[in-house]
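I have placed the structure first, in the form of structure tokens, so that the comments after it can refer back to it.
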Amino acid sequence: MSRTARGKRVRMWTVGGVALLLLAASGGVAAARDDRTSDGPTRDKQGIGVAAKPGPAASSKSPGPGRKPRPTPTPSTTSTSSPTPTPSATTPPPGTGTDIKIPLPGFAFPFRFGEILVDEARGRLYITGGKGTDELVVTDLDGGILRRVAGIPGAAGMTLNPDGTKLLVTASDRDWITVVDTTTYETGGYFAGKTDGTMTCPRDVAFASGQLWFSWGCDNAPAAIGRIDPETGAYDLSVAVVDSSISSATLLANVPGQPNILIAGATGTSPANLYRFEATSTQLLQQAWRRTDGGSVKQLAVTPDGSQVIVPSGAPYYHPTLSATDLTEVHRYPTVPYPNAVAIRADGLVVAGTNSSYDKDVWVFEPGGSTPIATFEFGHLPNQETWAHNLVDGGLAVHGNRIYAVTEQGAEPEMVTLRIRTLE
């Protein structure tokens, strides 16, 4: 996806009917994972203009690895959206940073999250909650909530258009891509569904070669990458020419300095397919392909020079760095189980995240380094006696000397916490 500026315990995890038992100790982890596959979609070409946005959808919950039993959540009332709400910020101990609770009605613990995206030009953060939610949350760079944009069912992947005037957000609980005006917050959108009414569940979006590319695929259903002409709204649901079929929705990442190149990584298979595509005006042509060494892709980040892509995928238990040209591994950033997030600063500084309740949550490396220059442990919030917070999948961003991380905790339903930490 276009990224602008963009202990351990026993747990039984069931995915697609396969039970996974993860036993993690401080020295190692035994894990069994499944590889969900499905037939590729039938090519479905259609043309349609901008349409009205759809209504909200019901939430969906999914279990995940690497967690100990949680206290029984206390039901909470769904929040009401407001154009200018007041954020709820805790008072952290000196030097620990800022922690801001953000209500996300419909957010399902665990492993349901959309994305966090920095808009450097406007000094904003955009936060989505993924399946089951219905809002885009806009904050300033201090975490103060500026706006809540409702009516985006399953708000998930995001990208800014080339001039930054529009934010595009996938509605993963529908077959829609919402377009948000970054000045007025007015919304429109593009329809990206099938003629038979079957849901497509768009997951991520990116611009390349003047076209809008979107990945799609509902749970246990066909998946592909499609294309939308941003001028006319005409779209094609299956445009990728691949050696190995796309069987789950992918994340998309642009490559700096190469405006016609996209990197894609599957989110619902283990191991997961990774692709390098060349974008034309009508299709994506595969240039390289490989699989992850372990789990599904949690986030993608390409280095500022466009030469490398970092792919956290739950396993292996480090952050692998791949050549953005042929997808071969060229470096490893040593972290811990389970890698689930990454962000890269404009100067190449790497911020790597893991879903680790009893270890560090965020690791900071110089480009190409092997020893972290800083680490961060979130744990529970000050004056709070609950289980530790965990970094959500794909919940990292970095801007200047600030790290932005989104965490969740099972006893706080429909709520995430934005953790802002400052690098020295």
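The values are calculated or read from the model by the stated rules, or taken from the named source; none is laboratory data. Since the model is a prediction, treat every value here as computed from it, not as a measurement. In this analysis, Cβ positions are derived from the backbone assuming ideal geometry, glycine residues included, and neighbour counts consider all displayed protein chains. Please note that ligands, DNA and RNA were not included when accessible areas were found on the heavy atoms of the full protein model with its side chains. Shrake-Rupley method; radii C 1.70, N 1.55, O 1.52, S 1.80 Å.
Things worth noting here:
- Scanning region 390-424 for residues that are farther than 14 Å from residue 102 by Cα, surrounded by 15 or more Cβ atoms within 10 Å (Cβ to Cβ) and among the polar types (S, T, N, Q) turns up just one, 390.
- Those residues of region 210-234 which are under 14 Å from residue 161 (Cβ atoms) and open to solvent by 10 Å² or more (accessible area, probe 1.4 Å), in sequence order: 210, 211, 229, 230, 231
- Top-ranked residue of region 331-389 - restricted to ones that are open to solvent by less than 40 Å² (accessible area, probe 1.4 Å) and polar (S, T, N, Q), ranked as nearest to residue 412 (Cα to Cα): 384
- Enumeration of residues in region 105-124 that are of a type in the set (A, V, I, L, M, F, W, C), surrounded by fewer than 24 Cβ atoms within 10 Å (Cβ to Cβ) and not in a loop (DSSP other than H, G, I, E, B): 118, 121
- Here residue 277 clears all of (1) over 18 Å from residue 330 (Cβ atoms); (2) open to solvent by less than 10 Å² (accessible area, probe 1.4 Å); (3) in a loop (DSSP other than H, G, I, E, B); (4) not aliphatic (A, V, I, L, M) except the condition numbered (3).
- Test: residue in region 254-262 that is touching a Gly at 6+ places or on another chain (Cβ under 6 Å), surrounded by fewer than 24 Cβ atoms within 10 Å (Cβ to Cβ) and hydrophobic (A, V, I, L, M, F, W, C): yes
- Among all residues of region 165-188, there is none that is open to solvent by 10 Å² or more (accessible area, probe 1.4 Å), in a strand (DSSP E or B), polar (S, T, N, Q) and under 21 Å from residue 265 (Cα atoms).
- Within region 132-164, being surrounded by 17 or more Cβ atoms within 10 Å (Cβ to Cβ), assigned to a loop (DSSP other than H, G, I, E, B) and of a type in the set (Asp, Glu) holds for one residue alone: 134.
- The residue list 392, 398 contains one member that is closer than 18 Å to residue 106 by Cα, hydrophobic (A, V, I, L, M, F, W, C) and in contact with a strand residue (DSSP E or B) (Cβ under 8 Å, 6 or more places away or on another chain), which is 392.
- Count of region 289-320 residues which are in a strand (DSSP E or B) and under 14 Å from residue 255 (Cα atoms): 5
- Tally, over region 297-315, of residues that are open to solvent by 10 Å² or more (accessible area, probe 1.4 Å), farther than 14 Å from residue 256 by Cβ and more than 12 Å from the chain's Cα centre (by Cα): 1
- Restricting the search to strands (runs of 3 or more DSSP E) fully inside region 355-424 and requiring at least 3 residues that are within 22 Å of residue 304 (Cβ to Cβ) gives 362-365, 390-399, 402-408.
- The residue that is nearest to residue 262 (Cα to Cα), counting only those in region 209-243 that are in a loop (DSSP other than H, G, I, E, B) and of a type in the set (Ser, Thr, Tyr), is 209.
- The single condition among (1) surrounded by 22 or more Cβ atoms within 10 Å (Cβ to Cβ); (2) part of a strand (DSSP E or B) that residue 246 does not satisfy is (2).
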